[in-house]
Structure formats: C-alpha cells, structure tokens
Amino acid sequence: MVKIKEIPFESVVILPPKPGVCPICAVDHEPDQPHNRDSLYYQMKFRQQHGRFPTWADAMAHCDEHVKQLWIAALAERGVSVTMPKETADDKND
C-alpha cells in the first residue's frame with residue numbers, strides 16, 4: 001500500500017519564472033498582450049491568490065479594449081467563449 005501525504009494547495013511552493021519572461025504568467029509575451037491562461041505557473045499562482053483558476057477574462061484584464069476584442073474574436077474562432085465581467089480578480093487587488 002502506498003502512503004500518500006496530502007499537502008494543502010496554499011502550501012505548494014512554486015519557483016519564480018526565469019529571467020526575461022512575464023513575471024505574472026512565466027511566458028514570453030509583449031506587455032500589452034494577455035497572460036497565458038494555460039500556463040501552469042499562472043494557474044497555480046492565480047489559484048493561490050484568488051482561490052480559483054484564471055479565466056481568459058482574467059488573463060486579458062490588463063489589456064486595452066482593442067486587444068481584448070482581438071483576443072475574444074480569435075478565441076471565438078476556436079470555439080472558446082469569453083465573457084468579460086465588469087470586474088476581474090486582479091482588478092479587486094489594484
């Protein structure tokens with residue numbers, strides 16, 4: 001029988017991103033572009049901070065309206081529906 005030790009999610013330690021990538025999502029992207037919602041680093045850090053996993057709306061909350069609309073349209077072409085809330089988790093921390 002294998003003994004499994006459960007560690008509380010909040011106790012998981014995540015190494016920082018490598019130098020030169022986005023400090024929020026650990027991916028190399030332009031500052032005006034959304035964070036990579038699928039980045040494991042972003043998902044883990046976001047969940048630790050907000051108690052839930054990020055959405056595409058969260059990932060693009062910092063973007064200007066034009067960039068948001070481009071990404072919403074591109075994601076829609078791939079079958080992903082994005083609803084932008086009036087306020088995202090990151091807005092609440094500003």
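FYI, it's all coordinate maths here, none of it is from the lab. Please read these numbers as outputs of a predicted model, since none were measured by experiment. We place every Cβ from the backbone using ideal geometry, glycine too, and count neighbours over all the protein chains shown.
Candidate values (1) 15.3, 56; (2) 14.3, 51; (3) 13.2, 40 were compared with Rg and Dmax of the Cα atoms in Å computed on the shown model; the agreeing label is (1). Quick one: helix 65-77 against the long Cα principal axis of the chain, what's the angle to the nearest 10°, folded into 0 to 90? The answer is roughly 70 degrees. Ranked by how many other Cβ atoms sit within 10 Å of their own Cβ, fewest first, the residues R52, R78, R47, R37 fall in the order R78, R52, R47, R37.
Counting only residues at least eight positions apart within a chain, or on another chain, the aspartates and glutamates with an alpha carbon under 18 Å from that of K86 are D58, D64, E65, D94. The mean sequence distance of close C-alpha pairs (under 8 Å, at least 6 residues apart), as a share of the length of the chain, puts its relative contact order at 19 percent.
Placing unit charges on C-beta atoms (Lys and Arg positive, Asp and Glu negative, everything else neutral), compute the dipole magnitude of the stretch 18-89 about its Cα centre in debye, rounded to 20. Please report the intermediate quantities before stating the final value.
On the way: 8 positive and 9 negative charges, 77 e Å.
The calculation lands at about 380 debye.
Sorting M84, M1, M60 by the number of Cβ atoms found within 10 Å of their own Cβ, with the fewest placed first, yields M1, M84, M60.
In the chain, helical runs assigned H by DSSP with n ≥ 4 each contribute -39500 (n - 2.57); averaged across all residues and rounded to the nearest 500, the mean residue ellipticity at 222 nm is -9000 deg cm²/dmol. Ranking of I7, I24, I14 by neighbouring Cβ atoms within 10 Å, starting from the fewest: I7, I14, I24.
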